[in-house]
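Peer 1: Below are the structure tokens for one structure; questions will follow.
The values are calculated or read from the model by the stated rules, or taken from the named source; none is laboratory data. Owing to the predicted nature of the structure, the values given are computational and were not obtained by experimental measurement. Neighbour counts are summed over all protein chains in view; Cβ atoms, including those assigned to glycine, are modelled from backbone coordinates with ideal geometry. Ligands, DNA and RNA are stripped out before the accessible areas are found, and what is left, the full protein with its side chains, is counted by its heavy atoms. Shrake-Rupley method; radii C 1.70, N 1.55, O 1.52, S 1.80 Å.
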Amino acid sequence: MEKKVKVTSHKKNLAKMHSMKLNDCKVVILKLVDELLDATSMMSNSPSIKEQWSIHLVIVNLLSKINQLEAEFDLKPLSQRNDQSIEKLTKWATKNGAILNGVEIHQFENYSYGMKANKNIIVGDKLVIVPRSLMMTEENIPSSPLWKLHSQDMMLRNMPNVALAIFILVESLRKDKKSFWHSYLTSLPLTYSTPVYFDVADMEALKGSPAFEAALKLNRNIARQYAYFKKLFQLSNDPASVILKDTFTYEYYRWAVSTLMSRQNTVPSSNNPSETVSALIPLWDMFNHRSGSLSTDFEKSNNVCVCYADADYSAEDQVYIFYGVRTNADFLVHNGFVYPDNEHDAVKIRLGVSRSDPLYSLRHRLLQTLSLSALSEFYITPGPFPVDGKLLAFVRIFNMDQKTLENWIQLEEKHCLNLTQLDGTLDPALEIKCWEFLQVRISLLMKQYPASPENTDKLSMFQQLAYTQIQLELTILKNALEYVKQHLDVVLKP
């Protein structure tokens, strides 16, 4: 009897010590969260890449400390993706009105899970039908524990995707009863390859790419949102905060955000069909991407999402859908993959007219005639015509002298459109300046990229993604540079 008392007492003491340790962890975490909020707020108005990288390193250091402390709470992964969970997903979805016609979820080599044809399929066949009732959207929030906080918090009200990410966590972590979407949520990927999972070396591998700045911004925003909600849940006692007070971690939040970024689609709002809302669509989001045409529609009359076959498929083939017109930089940052055969790929280039330019007002006025701003982003594309008319017009206006600017400003708007034409009848001297400007600019862009690694086999999975992205961008830029040189040779001919 005495031994039992001693054992019970010892367990209680251990539990008490563990509880005290966790409370101490919470205090330290909240102090680090305050530092994280400060770090994500100290950006200047027009930060250089060097400044953004410096702040990123501070953020990474703080998150590393926070992750170590939050690991003490021994929280389990929210997903249990395996063949059993996929089977449960299919049973739950079809039980609640979804229809699979000729396809089934299957694990493919190098693709994880995707959709496989289980019979011959003809282009235009209806493959998957998902009723609205199965989708997770912000319109489900009013009937969830998140509603009270959502109605009070400005960030949740004004940023629907942030609210949907928090909704995912509330439904994943609620203890009163299983979420309606439990079978869906536990079938999601355990982790993702979006840049919020990149370590410092992974991020460095992206330097030079336009995706680098986008990835820095994404990491900064997610870190700030995490810090904001970490404090909010500690200070609030609404139903959602009660669920998340001791369970909300950075690891969970980046998982929820990556789930949403990589899998969401838009559907018409049930409250206002002329507007759209972001949605997670079970089963539909199991299709992998390849180039083609959009083959998903929302039938308002039946309140269902319908996915059609975009091509003919034989039984056992993997069936794909087209995710939409996006560059590989967009795919990498938001979906965590790069698609080498992306016909819509492009390299973003940012050009601006300095306000200190003595001719700024004239350049700005002429740019406005063509619906261009003094600071504009353009895309250099693959193929035979990598420089579009808008970029060409901007470069021409950027290189004009005062007299030329004044002459063009006097012309009617329809005549100014000649500035966007490749064969516009313009001053040869100006054309030489423009093509030389583009040659220098593209060359400088190419020099910003890091040297190719000696052994790509030693790269991490994320570094391999970055390397592939950079090689694709360099191919586009090399093609554009050759194009510019050819035009420069033409205008230089006597």
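Peer 1: Once label points are set 7 Å from the Cα along Cα→Cβ at both residue 87 and residue 54, what is their separation, rounded to one decimal in nm?
Peer 2: Between residue 87 and residue 54, the simple spin-label model gives 5.7 nm.
Peer 1: Please report the equivalent ellipsoid semi-axes of segment 129-206, computed as sqrt(5 x eigenvalue) of the Cα gyration tensor, largest first, in whole Å.
Peer 2: Each semi-axis is √(5λ); the values are 27, 18, 12 Å.
Peer 1: Using alpha carbons only, how many degrees (0 to 90, rounded to 10) separate the axis of helix 250-263 from the longest principal axis of the chain?
Peer 2: 60 degrees
Peer 1: Kindly list the residues of segment 183-226 that lie in the label zone of residue 458, defined by a backbone N under 20 Å from the point 7 Å along the Cα-to-C-beta vector.
Peer 2: Once the point is set 7 Å along Cα→Cβ of residue 458, 199-207 turn out to lie under 20 Å by backbone N, inside segment 183-226.
Peer 1: Sequence-distant or interchain residues sharing an amide H contact under 5 Å with residue 288, placed H: which?
Peer 2: Here 115, 321 satisfy the definition.
Peer 1: For segment 329-337, just list the computed ³J(HN,Hα) in residue order, Karplus coefficients 6.51, -1.76 and 1.60, θ = phi - 60°, integers in Hz, with x standing in for Gly and Pro.
Peer 2: 4, 5, 4, 5, 5, 9, 10, x, 9
Peer 1: If you average over every viewing direction, what projected area does the convex hull of the Cα atoms of segment 267-377 give, in nm²?
Peer 2: If you wrap the Cα atoms of segment 267-377 in a convex hull and average its projections, you get 11.4 nm².
Peer 1: Now for a separate question. Normalised by the empirical 2.2 N^0.38 Å for globular proteins, what value does the Cα Rg of segment 48-203 take? Let's see the in-between values first.
Peer 2: Details: Rg = 19.6 Å, N = 156, 2.2 N^0.38 = 15.0 Å.
Dividing the Cα radius of gyration by 2.2 N^0.38 Å gives 1.30.
Peer 1: Between residue 246 and residue 266, what length comes free when the chain is fully extended (0.36 nm per residue of separation minus the Cα-Cα distance, one decimal in nm)?
Peer 2: Length gained, residue 246 through residue 266: 4.0 nm.
Peer 1: Run the quick spin-label model on residue 490 and residue 68: label points 7 Å from Cα toward the beta carbon, then report their separation in nm to one decimal.
Peer 2: In this crude label model, residue 490 to residue 68 measures out at 6.1 nm.
Peer 1: In deg cm²/dmol, rounded to 500, what helix-only [θ] at 222 nm does the chain give when every DSSP H run of at least 4 residues adds -39500 (n - 2.57) and the total is split over its residues? Working shown, then result.
Peer 2: Numbers: 17 runs with 238 residues, N = 494.
Only helices count here, giving -15500 deg cm²/dmol.
Peer 1: So, one more: What distance in nm separates the simple spin-label points at residue 479 and residue 161, each placed 7 Å from Cα in the Cβ direction?
Peer 2: Output for this residue pair reads 2.7 nm.
Peer 1: A further question follows. Using a 1.4 Å probe on the protein heavy atoms, what percent of the accessible area of the chain belongs to carbon and sulfur?
Peer 2: Its accessible area is 52 percent carbon and sulfur atoms.
Peer 1: Further, regarding this structure: Give the average over all directions of the projected area of the C-alpha convex hull of segment 243-288, one decimal, in nm².
Peer 2: Taking the Cα atoms of segment 243-288, their convex hull projects to 4.8 nm² on average.
Peer 1: Further question: Share of Cα-Cα pairs in segment 349-481 beyond 18 Å, in percent?
Peer 2: 60 percent
Peer 1: Tally Lys and Arg at +1 and Asp and Glu at -1 over the other residues with C-beta under 15 Å from the C-beta of residue 443: what net charge comes out?
Peer 2: So the surrounding residues net to +1.
Peer 1: So, one more: Once R0 is set to 25 Å, what does the formula 1/(1 + (r/R0)^6) return for the Cβ-Cβ distance between residue 231 and residue 76, expressed as a FRET efficiency to the nearest 0.05?
Peer 2: Working: r = 24 Å, r/R0 = 0.96.
With a Förster radius of 25 Å, E is 0.55.
Peer 1: Quick one: accessible area per residue over the chain, 1.4 Å probe, rounded to a whole number of Å²?
Peer 2: 51 Å²
Peer 1: So what's the projected area for segment 127-258, the Cα convex hull averaged over all directions, in nm²?
Peer 2: Details: hull surface 39.0 nm².
The number I arrive at for segment 127-258 is 9.8 nm².
Peer 1: Considering the alpha-carbon set of segment 346-385 alone, what are its Rg and its Dmax in angstrom?
Peer 2: Values for segment 346-385 (Cα only, Rg and Dmax): 12.4, 37 Å.
Peer 1: Follow-up question, since we're still on this one. What does DSSP give for the chain in terms of the percent of beta bridges that are antiparallel, rounded to the nearest 5?
Peer 2: On the way: 32 of 34 bridges.
That works out to approximately 95 percent antiparallel.
Peer 1: If I take the Cα coordinates of segment 275-325 and project them onto the principal axes, what are the three extents in Å, biggest first?
Peer 2: 35, 24, 18
Peer 1: May I have the pair-distance distribution P(r) for segment 324-395, computed from all Cα-Cα distances with 5 Å bins from 0 and rounded to whole percent?
Peer 2: 3, 15, 22, 17, 14, 12, 10, 5, 2
Peer 1: Any chance you could list P(r) for the chain, counting all Cα-Cα pairs in 10 angstrom bins from zero, rounded to whole %?
Peer 2: Answer for the chain: a P(r) of 3, 16, 22, 23, 19, 11, 4, 1, 1, 0, 0 percent.
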